[in-house]
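Taken together, the values in this text are just the output of simple stated rules run on the coordinates, not laboratory data. Everything quoted here is computed from the prediction, not taken from an experiment. All Cβ positions, glycine included, derive from the backbone under ideal geometry; neighbour counts span all protein chains shown.
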Amino acid sequence: METKPKLLWVGELPAPVNVRSALNDRWEVIPYCPDQPLGPQLGAFSLAIVYPDGQANDPARLGQVLDQLERTPAVAVFMLPDDARIGWELLSRRQGQFLCVRQTASPAELEAKFSAAATLQPTIQNLQAELAAARTIISTGTRTFDDLDEEMRLAARLQRDFLPRRLPEVGRIRFGVLYRPASWVSGDIYDVTRLDETHVGFYVVDAVGHGMPAALLTMFVKKALQTKRIAGDSYHILPPHVSLSELNKDICEQNLSSCQFCTAVYCVLDAHDLTLTYARAGHPDPVLIHADGRIEVLSSQGSLLGVFPEEEYESRKVQLNPGDRLLVYTDGAEDVLCESSNKRQAIDEALAPWVGMSRERFLLQLTARSDAKPHTSRFDDDITVMVVDVEK
């Protein structure tokens, strides 16, 4: 008989009905012992479900769980009530080996979260093993590995603070993102911004290379990209090609000594009539998966940002419909999807079996595919995939 994987339940029993339905006899649930230290209990499991219930707004309690979690290879799913404002805020400001979900989530959504956490755990375990091995090797020097490790942790946390903590929901439009740096910090950055009541702007940028130099360039891009111009009491939303042209000039004017440059896709979506306007700068073409399963590549003209100050970019429009899904991704994700030299055909073949999946399930499949590929280091390149769904 096959042995069920075990997970640690951190909360009062019995577990809610939606949790029991989501587990669906796939997991053996082991309740934690509240009169014993939590850390050693977490260390014995790959997955934990934290159901703080009445303590969801207690920052001291949540912080204690997070601190003990970071000392183990376990991944936790925090279930919080909708009105736990302090709990949601605290967890949104922390980055780590955990996911969050509403206590009232459906069994299907909970099952997706639990599966995603279980998929993430082997990566966490491998990273901690690599870090432990590096600590053993690097034991001397004027600047200790602990100092460098702490600085890189702080840099990674700072960069993530520039990413949106919550993705907006505008009309029928819903967003999801897979974001996986190749090292502590990333050369990829993304953002989603409500421009007014009906328009939402979003972009994915990939600084060439990765690591600290590329990460610093993404911080410049975050602040330099112009999305609209305000004059008095009125404003004008900039077309994507104008935004990219202005950003390109700003980067070129910096005269960066390392000749850094980046690729980008910037889109403006009207949630009222579902018109998408987009422009790209040397970036992989966005992919539109129609509701009927047809896959369309959205191409436009435009070279890398930061090379030619007078480079011109092109905005194009496409009409979206309910049930459509837009994918905007960096070349790191392109490499994960491709298993042949014909990238266009390979991406179509990889996406075809996933058409019709929920956002959560789609991103989970992409994560599993990334983990299954051999890597010489943590990842070969930074990976970012933005999923934009038009709900029916």
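Apply the a/c threshold of 1.5 to the C-alpha gyration tensor of the chain and tell me whether it is rounded, prolate or oblate. Since a/c reaches 1.5 and a/b is larger than b/c, the shape of the chain is classed as prolate. Applied to the stretch 273-288, the Karplus parametrisation 6.51 cos²θ - 1.76 cosθ + 1.60 on θ = phi - 60° returns per-residue 3J(HN,Hα) values of 9, 6, 8, 9, 10, 9, 8, 9, 10, x, 9, x, 5, x, 10, 9 Hz, with x for Gly and Pro.
Pairs of Cα atoms nearer than 8 Å and 6+ residues apart set the relative contact order; for the chain it is 14 percent.
Could you compute the FRET efficiency for residue 254 and residue 368, with r as their C-beta to C-beta distance and R0 at 41 Å, rounded to 0.05? Between residue 254 and residue 368 the formula returns 0.55. The C-alpha atoms of the chain define a longest principal axis, and helix 212-224 lies at about 60 degrees to it.
If you run the Gaussian network model on the chain, springs between alpha carbon atoms under 10 Å, then out of 251, 49, 30 the most flexible one is 30.
Spin-label pair residue 236-residue 297: with each label point 7 Å from Cα along the Cα-Cβ axis, the two points sit 3.5 nm from one another.
Taking a 32 Å limit on the Cα-Cα distance, which of the listed pairs 223/317; 6/392; 113/392; 249/317; 113/228; 113/222 fall beyond it? Where the Cα-Cα span goes over 32 Å, the pairs concerned are 6/392; 113/228.
Applying 1/(1 + (r/R0)^6) with R0 = 30 Å to the Cβ-Cβ distance of residue 35 and residue 92 gives a FRET efficiency near 0.45.
Axis angle, to the nearest 10 degrees, between helix 145-161 and the longest C-alpha principal axis of the chain: 60 degrees. Axis angle, to the nearest 10 degrees, between helix 107-137 and the longest C-alpha principal axis of the chain: 90 degrees. A Cβ-based charge dipole, computed about the Cα centre of the chain with Lys and Arg at +1 and Asp and Glu at -1, lands at about 480 debye. If you plug the beta carbon distance of residue 169 and residue 312 into 1/(1 + (r/R0)^6) with R0 = 51 Å, you get a FRET efficiency near 0.90.
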